[in-house]
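Enquirer: I'd like to ask some things about the structure below.
Values in this text are rule-based calculations from the coordinates and carry no lab data. Only a predicted model underlies this, so the values are computations on that prediction, with no experimental measurement involved.
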Amino acid sequence: MRKSSSIYLSIYLSIYLSIYLSIYLSIYLSIYLSIYLSIYLSIYLSIYLSIYLSIYLSIYLSIYLFSLLFCL
């Protein structure tokens, strides 16, 4: 009888630990990934937007200045 209770206890502990570890890992990974992605996405977006805006502004200013010089 004692042997079967130890088997049940080991099964219970293994199930409990697997559930606990899966929940812990999922929460930890979701937090870590959200922080990681937010930092790197914000850096990537800021670089992308700065390049895009600089190109857009240079084109716009060149057209505007060319039209001003052409009209004079």
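Enquirer: Pull out the extension gain between L9 and Y24, defined as 0.36 nm times the separation in residues minus the alpha carbon to alpha carbon distance; nm, one decimal. Don't jump to the answer; show the numbers that get you there.
Expert: Details: separation 15, 0.36 × 15 = 5.40 nm, distance 2.18 nm.
The span from L9 to Y24 would gain 3.2 nm if fully extended.
Enquirer: OK, next. Report the extension gain between S46 and L65 in nm, rounded to one decimal, defined as 0.36 nm multiplied by the number of residues separating them, less their alpha carbon distance.
Expert: Values: separation 19, 0.36 × 19 = 6.84 nm, distance 2.75 nm.
Length gained, S46 through L65: 4.1 nm.
Enquirer: With axes computed from alpha carbons, what is the tilt in degrees of helix 2-71 against the longest principal axis of the chain, rounded to the nearest 10 within 0 to 90?
Expert: 0 degrees
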